[in-house]
Amino acid sequence: MLPWTPDHPTTAALAAEVIGAQFPALIDPSAPLTLLGSGWDNDVWTLDLPAGQAAFRFPRRRIAVELLETEARVLPWLAPQLPLPIPLPEWIGAPSPRWPLPFYGYRLLPGQTADRARLSAADRQRVARALIGFLAALHRIPAAAARAAGVPLDTSRSDLEQRVARTLARQDLLPARLDPALRAAALDALTGALARAAPADPAGWACCHGDLYARHLLWQARGADPGSAPGLCGVIDWGDLCIADPAIDLGILWGFCDLAPGAALMDDLAARYPLTPGLLARARVHAIVYALRLLSYADGVADADLYDEAMRSIRALLAQSAP
């Protein structure tokens, strides 16, 4: 069985029935639900509201229930502390005979996921600039306060040797169409980065998104909102929110934003983080792990946009000089 195979798949009819039973004022029988997306852990269905849209997250796998419950509990506490919008759970659904798992709904945030936006190099620099500020605000939240609010401690996610071992053990999931030389170079880069990465000091662990990649970034194009400039406009999918090594989140700056050593934005990053060789190497490990895992997943579910983005990240990471 593939890691993303659902235990509890949904349909539009089932989602409408379950939402309608608990939130009858939201469902218009003449307006069917639309599948926004299916990931490893959740199906997301949208429906029209008098003003805007609502999105409902249904766990596809029972293992994801705890993640969804963390989101519903913590995101309202977290949102006011961040400089970009995140989902705010508003309709909390309970298990029922028709649907045995919890679910929740929130008002859909505007924007397009970054993997589908076909961003230019300049756009990626805009994303990097906004992400540095966003992640610095997230990682500044005191770990003790986050734990008190319900953010779980995640030691396994910060265990680089374990993450790399799991990635190497799943080499069979990598696409058969992947060029063998590129595959070998990516795996060599991964093990090389691991060898240079000093273990993270738990005293420096912080409140982390935990699952940050292109599909969890929302991009607002120029003209989509009158008077707005193009740029990052939201961060979604917080099920893996945790207390962990900040390098887990920072990897996206290299894998997606091309933040190579010597780049101008490195000064901005260095003003907010202690850019030690160990931190840089750990971020590189996480970036390569994500690119390889996303490549396997995108190929497995025939997601062309995500596949192209994962391939682009791998090539970008290999082109960058290692820290």
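The values are calculated or read from the model by the stated rules, or taken from the named source; none is laboratory data. Please read these numbers as outputs of a predicted model, since none were measured by experiment. In this analysis, Cβ positions are derived from the backbone assuming ideal geometry, glycine residues included, and neighbour counts consider all displayed protein chains. Ligands, DNA and RNA are excluded from the accessible area calculation, which covers all protein heavy atoms including side chains. Shrake-Rupley method; radii C 1.70, N 1.55, O 1.52, S 1.80 Å.
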Checklist outcome for this item: quick shape note, the range 281-323: Cα extents on principal axes in Å, largest first -> 33, 16, 9
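Okay, helix-only estimate at 222 nm for the chain: each DSSP H run of n ≥ 4 adds -39500 (n - 2.57), divide by all residues, round to 500 deg cm²/dmol; what do you get? Please report the intermediate quantities before stating the final value.
Values: 10 runs with 134 residues, N = 323.
Value at 222 nm, helices only, nearest 500: -13000 deg cm²/dmol.
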Item to check | Potential lengthening between THR191 and ALA25 on full extension [0.36 nm per residue; Cα-Cα distance subtracted] | outcome: 54.4 nm
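If you roll a 1.4 Å probe over the heavy atoms of the protein chains, what accessible area per residue do you get for the chain, in Å²? Present the calculation step by step, with values, prior to reporting the outcome.
On the way: 13900 Å² over 323 residues.
Here the per-residue accessible area is 43 Å².
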Checklist entry - Any idea what the relative contact order of the chain is, in percent, if you count C-alpha pairs under 8 Å spaced at least 6 apart? => result 18
Checklist entry - How far, in degrees from 0 to 90, does helix 12-22 lean away from the longest principal axis of the Cα atoms of the chain, to the nearest 10? => result 70
Checklist entry - Remind me, relative contact order of the range 187-323 in percent, using alpha carbon pairs under 8 angstrom and six or more residues apart? => result 30
Item to check | Approximate spin-label separation ALA79-ASP179, in nm, with each point projected 7 Å along Cα-to-Cβ | outcome: 4.5
Item to check | Largest-first principal axis extents, alpha carbons of the range 56-154, Å | outcome: 50, 35, 23
Checklist outcome for this item: For the range 1-121, the percent of all C-alpha pairs falling in each 10 Å bin, from 0 up to the bin holding the max distance, is 12, 42, 35, 10, 1
Item to check | Peptides ranked, highest mean first, by Cβ atoms within 10 Å: ranges 121-130, 52-61, 161-170 | outcome: 52-61, 121-130, 161-170
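Is there a quick way to get the dipole size of the range 133-173? I mean about its Cα centre, with the Cβ of Lys and Arg at +1 and of Asp and Glu at -1; what is the value in debye to the nearest 20?
Working: 6 positive and 4 negative charges, 26 e Å.
About 120 debye.
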Item to check | Pairwise FRET efficiency - ASP48 versus LEU168, Cβ, R0 = 45 Å, nearest 0.05 | outcome: 0.50
Next on the checklist: Can you compute log10 of I(q)/I(0) for the range 124-225 with the Debye formula, treating each Cα as one identical point scatterer, at q = 0.16, 0.18, 0.25 Å⁻¹?
Outcome noted: -1.01, -1.13, -1.31
Next on the checklist: For the pair TRP91/ALA198, report the inter-label distance in nm, with labels modelled 7 Å from Cα in the Cβ direction.
Outcome noted: 5.1
Item to check | In order through the range 78-93: 3J(HN,Hα) via Karplus (6.51 cos²θ - 1.76 cosθ + 1.60), integer Hz, x for Gly, Pro | outcome: 7, 3, x, 8, 10, x, 10, x, 9, x, 10, x, 10, 10, 9, x
Checklist entry - What is the Cα centroid distance between the range 262-323 and the range 231-261, reported in whole angstrom? => result 9
Checklist entry - At a 1.4 Å probe radius, carbon and sulfur cover how many percent of the accessible area of the chain? => result 57
Checklist entry - DSSP beta bridges in the chain, what fraction antiparallel, as a percent rounded to 5? => result 95
Next on the checklist: Could you work out the relative contact order of the range 1-70? I mean the mean sequence separation of Cα pairs under 8 Å and 6+ apart, divided by the number of residues, in percent.
Outcome noted: 30
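Using only the Cα atoms of the range 1-59, build the gyration tensor, take square roots of its eigenvalues as a ≥ b ≥ c, and label the shape rounded, prolate or oblate: rounded if a/c is under 1.5, else prolate if a/b is larger than b/c, else oblate.
Prolate, since a/c reaches 1.5 and a/b exceeds b/c.
Based on the Cα atoms of the chain, what semi-axes does the equivalent ellipsoid have, where each is the square root of 5 times one gyration tensor eigenvalue, given in whole Å with the largest first?
Numbers: eigenvalues 204, 96, 83 Å².
For the chain, the ellipsoid semi-axes come out as 32, 22, 20 Å.
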